[in-house]
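Below is one structure, written out as structure tokens; comments come after it.
The values are calculated or read from the model by the stated rules, or taken from the named source; none is laboratory data. Quick caveat, the model's predicted, so the values are computed rather than measured. Positions of Cβ are generated from backbone atoms using ideal geometry, with glycine treated the same way; all protein chains shown enter the neighbour counts. The area values use the complete protein model at the heavy-atom level, side chains included, leaving out ligands, DNA and RNA. Shrake-Rupley method; radii C 1.70, N 1.55, O 1.52, S 1.80 Å.
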Amino acid sequence: SPWDIDVFSDEKKVVGMMFGPHKDKQALYYVVHYPGGKSGEAVYRIAFTGEANRDPKARIEVDKSVGFLPFTVQFDGTSSYDPDDGDTDGLVYEWDFDADGIVDSTEAQPEYTFTSAGVFEPELVVRDAQGGKSDRATIRIDVDNSPPIPKIESPLEGTTFAVGDKFVLKGSAWDNEDGQLPDTSLTWEVRQHHNNHYHPFLDPTVGNNIEIDDAPSPEDFFYLTTTTSYLAIHLTATDSSGLSSTSILEIQPRLVNLEFDTIPSGIPIHINQDKYETPASIIAWENDQFEIRAPTRRSGDDSEKLVFASWSNGMTEHTRDFVVPSVTDPDPIVALFEEEEEEEAIYEPEMESQD
């Protein structure tokens, strides 16, 4: 084979890719979505280098990024790497803490004390032994500035929801340097968490007193879906210097235990197109609406023929729409069957014709 096939990643979810320019050649750009949400989502690039030396990658970590004078920060560049060597042994570190173009340190883990107030963006460039040079990595450092304090006022903490409920997002933010922040400094985002990932429910929206879409239904009735799904409301406040902080409120759905059965028991039914053997139990969300369907007839192993008669609430259509009640443990939903009556054969003797 002219190529080898390897698993790209068991965790990254590539949701789009295309070729584009890179230096004097072409590269493959791809967009990544992580199951855990937006953390780490970005556009990545793959460029063919052959046997040529590849540039190292610079990474910066700090022990703290906000503080007051004199503000000492421990920097760490050891997460930088050389894709050719796979380690950091041969890297040279060049730190510029005050963005004046002069190298302030060549240590892998330097310490630096800021002596003036302001917003700083220290830079790190790493070089390998073959002459490769990384792009600049930067990090924001705020000196003599504290982050704003956002407060979610609506919904209230401890709020739960039923499918279809409406919410208005209302909040405020205080900043020690700027005072009360205006509504234009507030950004709301709502995420619908589902098991180990989430979907956007409200994209980042600036303002206040924002009405969001009706509370959603669960994606399905699997246990890990209905019991681990919820809405997370994010309120981010940004001060005049661009420093932000976020408050998060989780609101949980109201869970309802539903029991389904048939008489006689053991006849399969369908709940939202999924087949369930009876008796069956699911955990649903209050006020969710879905279809339940019983078969019109059933033939047993003993040749007993059964036909659908009604539901336990008296409805006689074998397919019905169901709305989850606001009761934790409602009465079971039962489909009733009865024996099919056999039609008696009527014998009519043939009449002899008279000529």
Original post:
Considering LEU181, LEU202, which residue is touching an Asp or Glu at 6+ places or on another chain (Cβ under 7 Å), among the aliphatic types (A, V, I, L, M) and closer than 27 Å to VAL15 by Cβ?
Top reply: LEU202
Subject >> Residues of the range 246-261 satisfying the condition of being part of a strand (DSSP E or B) and within 30 Å of GLU189 (Cα to Cα) >> reply: THR246, SER247, ILE248, LEU249, GLU250, ILE251, GLN252, PRO253, LEU255, VAL256
Subject >> Residues of the range 64-79 that turn out to be without any contact (Cβ under 8 Å) to a residue 60 or more places away in the chain, farther than 15 Å from PHE97 by Cα and open to solvent by 70 Å² or more (accessible area, probe 1.4 Å), as a count >> reply: 0
Original post:
Quick check, is THR138 closer than 29 Å to PHE68 by Cβ, in contact with a Pro (Cβ under 9 Å, 6 or more places away or on another chain) and open to solvent by 40 Å² or more (accessible area, probe 1.4 Å)?
Top reply: yes
**OP:** Check the range 277-289 and report whether any residue there is at pLDDT 95 or above, surrounded by 12 or more Cβ atoms within 10 Å (Cβ to Cβ), more than 34 Å from the chain's Cα centre (by Cα) and among the polar types (S, T, N, Q).
**Re:** no
**OP:** Give the residues of the range 129-145 that are assigned to a loop (DSSP other than H, G, I, E, B) and in contact with a Ser or Thr (Cβ under 9 Å, 6 or more places away or on another chain), sorted by residue number.
**Re:** SER134, ILE139, ARG140, ASP144, ASN145
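What strands (runs of 3 or more DSSP E) lie completely within the range 262-331 and have 2 or more residues being more than 24 Å from GLN252 (Cβ to Cβ)? Even if it seems obvious, please write down each step before you answer.
On the way: elements: 269-271, 274-276, 280-285, 289-293, 297-299, 305-311, 319-323.
Because the criterion is at least 2 residues that are more than 24 Å from GLN252 (Cβ to Cβ), the strands (runs of 3 or more DSSP E) in the range 262-331 that meet it are 269-271, 274-276, 289-293, 297-299, 305-311, 319-323.
The rows are residues; the columns are (1) open to solvent by 40 Å² or more (accessible area, probe 1.4 Å); (2) over 19 Å from the mean Cα position of the chain (by Cα).
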site: VAL206; (1), (2): yes, yes
site: HIS234; (1), (2): no, no
site: ALA237; (1), (2): no, yes
site: GLY242; (1), (2): no, yes
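With respect to VAL307, is the statement that it is closer than 20 Å to ALA162 by Cα and among the β-branched types (Val, Ile, Thr) true? Break it down stepwise before answering.
Values: closer than 20 Å to ALA162 by Cα: no; among the β-branched types (Val, Ile, Thr): yes.
Considered against the rule, which asks whether it is closer than 20 Å to ALA162 by Cα and among the β-branched types (Val, Ile, Thr), VAL307 comes out as no.
Checking the conditions here, which among VAL126, VAL103 is at pLDDT 95 or above, more than 30 Å from ASP239 (Cα to Cα), surrounded by 12 or more Cβ atoms within 10 Å (Cβ to Cβ) and out of contact with any Ser or Thr (no Cβ under 9 Å at 6 or more places or on another chain)?
Values: VAL126 fails: out of contact with any Ser or Thr (no Cβ under 9 Å at 6 or more places or on another chain).
Testing whether each residue is at pLDDT 95 or above, more than 30 Å from ASP239 (Cα to Cα), surrounded by 12 or more Cβ atoms within 10 Å (Cβ to Cβ) and out of contact with any Ser or Thr (no Cβ under 9 Å at 6 or more places or on another chain) leaves just VAL103.
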**OP:** Sort out which residues of the range 218-232 are touching a residue at least 40 places away in the same chain (Cβ under 8 Å) and surrounded by 19 or more Cβ atoms within 10 Å (Cβ to Cβ), and write them in order of number.
**Re:** PRO218, PHE221, THR226, LEU231
